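Please treat every number below as a calculation from the coordinates, not as lab data. Please read all numbers here as calculations on a predicted model, not as lab measurements. All Cβ positions, glycine included, derive from the backbone under ideal geometry; neighbour counts span all protein chains shown.
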Protein chains: 2
Amino acid sequence: MDKILRVNMTTKEVKVEPVPENYAALGGRALTSQFVLDEVVPTCDPLGPLNKLIYAPGLLSGTSAPSSGRLSVGGKSPLTGTIKESNAGGITSQKIANLGYKAIIVEGKPAAGDFSILKITTEGAELLPAGDLAGKGGYDTVAMLREKYGQKVGVIFIGPAGEMLMANAGVGTNDGDGNASRYAGRGGLGAVMGSKGLKAIVIDSPSTFDVPVKDPEKFKDAAKKFAKILLDHPVCGQGLPAYGTNVLMNIINEAGTLPTRNFKFGRFDKASEVSGEKLAEVATARGGKATHACHPGCVMRCSNVYPMPNGKVCAPIEYESAWAFGPNLEVGDLDDVAMMNWLCNDIGLDTIEAGATLGVLMEAGVIPFGDGKAAIKALEEVRTGTPLGRIIGAGATFAGKLYGVTRIPAVKGQAMPAYDPRSCRGNGVTYATTPMGADHTAGYAVTANILKVGGYVDATKDEGQVDLSRNLQIATAAVDATGLCLFVAFAVLDNPEGLPTVVEMINAMYGTSLTTDDVVVLGKSILKNEREFNEKAGFTKADDRLPEFFYNEELPPHNTMFTLTTELDEVFNF
Amino acid sequence: MDKILRVNMTTKEVKVEPVPENYAALGGRALTSQFVLDEVVPTCDPLGPLNKLIYAPGLLSGTSAPSSGRLSVGGKSPLTGTIKESNAGGITSQKIANLGYKAIIVEGKPAAGDFSILKITTEGAELLPAGDLAGKGGYDTVAMLREKYGQKVGVIFIGPAGEMLMANAGVGTNDGDGNASRYAGRGGLGAVMGSKGLKAIVIDSPSTFDVPVKDPEKFKDAAKKFAKILLDHPVCGQGLPAYGTNVLMNIINEAGTLPTRNFKFGRFDKASEVSGEKLAEVATARGGKATHACHPGCVMRCSNVYPMPNGKVCAPIEYESAWAFGPNLEVGDLDDVAMMNWLCNDIGLDTIEAGATLGVLMEAGVIPFGDGKAAIKALEEVRTGTPLGRIIGAGATFAGKLYGVTRIPAVKGQAMPAYDPRSCRGNGVTYATTPMGADHTAGYAVTANILKVGGYVDATKDEGQVDLSRNLQIATAAVDATGLCLFVAFAVLDNPEGLPTVVEMINAMYGTSLTTDDVVVLGKSILKNEREFNEKAGFTKADDRLPEFFYNEELPPHNTMFTLTTELDEVFNF
């Protein structure tokens, strides 16, 4: 990973550049956020020529480090107006790394409607006309490109939502089976890719794990140790491999912090109907898979393959997606949930934001709560860009504002995911303060609040939540730099050997002598960069708050409200 | 004007309060902005229970001071998120003042769909159920209330757009003939009124000019002198009374700064077809009026009465409205323009924002440029709240974002009016920096840039524009406190006796001994209050800029771009 690919969509020039020295130690989110801070005008129009889109494998991607295949995508978000890093599984990060690229930077802007694909092989990179791929859904896009360039290619793509510049458009990648369903979904970076006229990136690499490593023996030992640490942990080694992330449905429901009916209640009486356990049962009975790895070398295999009655297959259904289309809409039918998930994958939308948007439209009376079929019908309108489709494609905040809804569960324009901040307050602190807009992956306090992983902080009390969120946000930023899946955090938080082993892998790979303290330094510096960009873009602490209704509506069953305000300003006091 | 009416829409309590001492010297915008700063949580949801809506006559309203009938409406704007003062002509300011109220404060929030009217008479004030007024257009609303309460009542109302909480809903008032067409249109305060469940305020006052004055003789002399100053000025005494504000159409077109085709060009080949001269000709031929006063005692009489072929009457068509639906959409048919204006009056939308929204939708290809009939059809959808209607009702920024448009001519979420900032740069400075979002009335540099009133500053050069805009913004804020129509500024800027005479009227009325310096102090303090609110709401200098395309697209015929950036931060250096 000693070169950078820079693609100018105005001139169609494709250039290979050396990695600037001060970027050499960065990867994943650390790298995308540094590039965005250094190269993007903070006040620019996210869909204009001044924004850039950056794809970066993590520091460990493309090696045999377990579960290290995350791809970071960064830019200025059209949904939030903030800096954005969103990352995805799938096979593309490993392939980009194996072709030796530390990052791909896409800049400039072509004429509207001029769509290209970027093909990257061992021979080099070139831009080609997208031709009849334009307008195609994610599934067809990946199928057509695999057909043309080989079944083993990695594909980064956008669906029609991205082409139509919708603020909730995600950036998709494929898994090893060609499923077009792994998304760097959050924050509308698919619309940025659409504004660049880039329909897809095809990555053809013969290797998956062959990124050069300075000390192969040391690396192999550390990787082996790390795999064992993961497999020994009850969440990483048992819960996730058995039921995937949706093992959380019953747990979060039981905890009374499962946002139901657009964050009106904390429990859903049909939660078990859309749970991981139910999913595993139905998927298996229909010939699908209860467990599946999104990229080679993942030991957690938290994904799944869910065949639907209409013959289509949704793979995977994650917990947050099942929540977004299930409890959040009072929909208890797993097939309806799967269909909405599939539609988002195909049209190219983030599932969390799409579900939240449908929830807000239900709040407005546009669609009835509980009516999965009506929600599916509305979601289908996104593909053709009808006015309602445009509203849905724009995300929950835009949709809610259009209908005068005051109960919009979003921060900085991005919808909250599947954990109510009133009774999972650590997550509330993260939603309010992360530079990303409401995002559970930015500092997943569910660990200590609910799962009692990495200590325990009472979910319904304020004490300790600011410190918890701060530490998690710092650690997460660092993990997002490595290419490791965030789920390794469960094991890393509980096992004192976890973090040192990650550092061992990095040191063996790069010939460095970093300590665990350096990881903290890295995490802090990423967050500081992101905050600096946001500040220059016009964000202030007034933006680091939850919507009003979380402060004045009690959430059953705990009948608790969010109460943290100025304390939130202490999160970034480092 | 020694009392304040406070109406709580949650409890339905109506209270009369004395005027706090520190508010006694304030009126109009000075008073609404002070109340908003003191009583509204800056980060609150504009449509939630924490926002307040404040109506305040100017300091001179309800007296015989010429052209002093402006009503200020203030609150936090759902369109911009900033503090907002929007003011309107019509007869309500005089009537509220004559009933002795310095302000009406509406607070709290009832259940959705629970609409009331507030009736204010010499007997007191009471809330009554809106009954079958709910859902009615502006024209029917005013007609029904005049039918019920007498033809002389003043009515402040919202149309369906306000009831449906649309971000571009305005607050309407009637003129002396009952036309439901004077709007405090900008910034969506109609949606705030809708969120309060207040369909209309009916003001029944036997008097128009009887607000007590400390020194009646001195006041009469000053008012007489002020009327002469207005009548002697070529704009106030001749241009406006002859052709109304739309006398500007040919002038601004000739100056090459008439935004055409969504700010693509600076001239429109059919400008004369929608000009004030043409309007006067057609209106007169059809039995309408080329000139008309929006409230008793106005000597400028810049309004008009335009009968349409369909039998309806649009009164008036202002320059900015004619621009919004004419050149901005490349529509050269005055009847189409009039119909769009009428629809906005009836549905309850701000015309500038509505026209800009249609322009942005034309930019997106949703409606063809130049197709007035298609624009009318689209605008009609706002009344029933179809998805497209919701998009239009939300204003240009929301609509543009929904369609991925990067050419959205707006600042802080509010659309620019009828003067291109590239070749009327003083207005550009005002658009960028006023606390209100893009607004020509906040600092009308057309005076010195184009009309050579109050000096001359070259419209296409940067030099002097910041100072010009600053001085105008300060003076305007003060004028907006008096209840005087902003158009008095033409005369006041050119006649050294102008400002002293305004001060004489105020001193005679209140027994004060203010100087012209005090007017400047007042103007500055209003702006400082407004900036303070905005800062607390999360606005920064990053928000004080024009959209990107004004900095990188040349405007013909002068082929000039906007170039002011950090200089804009010097506007508020006082």
| remark: For the protein assembly as shown, whose charge dipole is built from +1 on Lys and Arg Cβ atoms and -1 on Asp and Glu Cβ atoms, the candidate among A:THR563, B:MET249, B:LEU230 with its Cα farthest towards the positive end is B:MET249
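Find the percent of Cα-Cα distances in the range B:149-267 that exceed 24 Å, and round it to a whole number. Please list the in-between numbers first.
Working: 4093 of 7021 pairs.
Of all Cα-Cα distances in the range B:149-267, 58 percent exceed 24 Å.
Given Cα pairs under 8 Å that are at least 6 residues apart, what percent is the relative contact order of the range B:3-203? Present the calculation step by step, with values, prior to reporting the outcome.
Details: 530 pairs, mean separation 46.1, N = 201.
After rounding, I find 23 percent.
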| said: Can you classify the range B:453-574 as rounded, prolate or oblate using the Cα gyration tensor, where a ≥ b ≥ c are the square roots of its eigenvalues, rounded means a/c under 1.5, and otherwise it's prolate if a/b beats b/c and oblate if not? | reply: oblate
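Just the ratio, please: alpha-carbon radius of gyration of the range A:87-136 over 2.2 N^0.38 Å, N its number of residues.
On the way: Rg = 12.9 Å, N = 50, 2.2 N^0.38 = 9.7 Å.
So the Cα radius of gyration is 1.32 times the expected 2.2 N^0.38 Å.
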| In nm, one decimal, shortest first: how far is the label point of B:ASP2 (7 Å from Cα along Cα to beta carbon) from the matching points in the other copies? | 8.9
| When the distances between all Cα atoms of the protein assembly as shown are binned every 20 Å from zero, what whole-number percent does each bin get? | 13, 42, 31, 13, 1, 0
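Just counting partner chain Cβ atoms within 10 Å, what average do the residues of peptide B:384-394 show around their Cβ?
Details: counts 0, 5, 2, 14, 5, 2, 10, 7, 1, 3, 6.
Mean partner shielding for this stretch: 5.
Quantify how strongly other chains surround peptide A:35-46 by giving the mean number of their Cβ atoms within 10 Å of each of its Cβ atoms.
Numbers: counts 0, 0, 0, 0, 0, 0, 1, 1, 6, 2, 7, 3.
What the average comes to for A:35-46 is 2.
If a/c stays under 1.5 just call it rounded; otherwise compare a/b with b/c (prolate if a/b is bigger, oblate if not). Do that for the range B:345-469, with a ≥ b ≥ c from the square roots of the Cα gyration tensor eigenvalues.
Details: a/c = 2.39, a/b = 2.32, b/c = 1.03.
It comes out prolate by the Cα gyration axes.
Using only the alpha carbon atoms of the range B:441-513, find the Kirkwood hydrodynamic radius as the inverse mean reciprocal pair distance, in angstroms to one decimal. Could the numbers behind the result be given before it?
Values: mean 1/r = 0.0771 Å⁻¹.
Roughly 13.0 Å, rounded to one decimal.
Please report A:MET416, B:MET509 as a ranked list, fewest other C-beta atoms within 10 angstrom at the top and most at the bottom. Write out the running numbers ahead of the final one.
On the way: A:MET416 29, B:MET509 24.
Listed from fewest to most nearby Cβ atoms, that is B:MET509, A:MET416.
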| What average number of partner chain Cβ atoms lie no more than 10 Å from the Cβ of the residues making up B:399-410? | 6
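Grab the DSSP H runs of chain A that are 4 residues or longer, score each as -39,500 (n - 2.57), total them, divide by all residues and round the 222 nm result to the nearest 500 deg cm²/dmol.
Values: 21 runs with 215 residues, N = 574.
Rounded to the nearest 500, the figure is -11000 deg cm²/dmol.
Expressed in whole Å with the largest first, what are the equivalent ellipsoid semi-axes of the range B:285-406 derived from the C-alpha gyration tensor as the square root of 5 times each eigenvalue? Before the final figure, lay out the partial values.
Values: eigenvalues 145, 40, 34 Å².
Gyration-tensor ellipsoid for the range B:285-406: 27, 14, 13 Å.
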| said: Please list, short to long, the whole-number percent of alpha-carbon pairs of the range A:105-216 in consecutive 5 angstrom bins beginning at zero. | reply: 3, 13, 23, 24, 18, 10, 5, 3, 1, 0
| query | What's the Cα-based Rg to Rh of chain A, Rh via Kirkwood? | reply | 0.93
| query | Looking at the axis that maps chain B onto chain A, which chain B residue has the closest Cβ, and how far off is it in Å, rounded to a whole number? | reply | B:PRO387, 2
| request: Please name whichever of B:ALA432, B:GLY348, B:ALA394 sits farthest to the positive end of the charge dipole of the range B:296-441, dipole taken about the Cα centre and charges placed at Cβ: Lys and Arg +1, Asp and Glu -1. | output: B:ALA432
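So for the range B:3-203: antiparallel DSSP bridges make up what percent, rounded to the nearest 5? Intermediate results must be reported in sequence, preceding the final value.
Values: 34 of 45 bridges.
Antiparallel: roughly 75 percent of the beta bridges in the range B:3-203.
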| Nearest-first distances (nm) between copies at B:ALA542, label 7 Å from Cα via Cβ | 1.3
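State, to one decimal in nm², a quarter of the convex hull surface area for the C-alpha atoms of the range A:3-203, i.e. the direction-averaged projected area.
Details: hull surface 38.4 nm².
Across all orientations, the range A:3-203 yields a mean hull projection of 9.6 nm².
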| FRET efficiency for A:GLU277 and B:ASN559, Cβ-Cβ distance as r, R0 = 41 Å, nearest 0.05? | 0.05
| field | Options B:ALA180, B:VAL73, B:GLY89, ranked by Cα towards positive dipole end of the range B:3-203, top entry (Cβ charges) | value | B:GLY89
| request: Report the charge-dipole magnitude of the range B:340-498 in Debye, nearest 20, computed about the Cα centre from +1 at each Lys and Arg Cβ and -1 at each Asp and Glu Cβ. | output: 440
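Could you give the dipole magnitude of the range B:74-118 about its Cα centre, charging the beta-carbon of Lys and Arg +1 and that of Asp and Glu -1, in debye to the nearest 20? The partial results should precede the final answer.
Values: 5 positive and 3 negative charges, 20 e Å.
With Lys and Arg at +1 and Asp and Glu at -1, about 100 debye.
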| Given +1 on the Cβ of Lys and Arg, -1 on the Cβ of Asp and Glu, and no further charges, what dipole in debye does the range A:3-203 carry about its Cα centre, rounded to the nearest 20? | 220
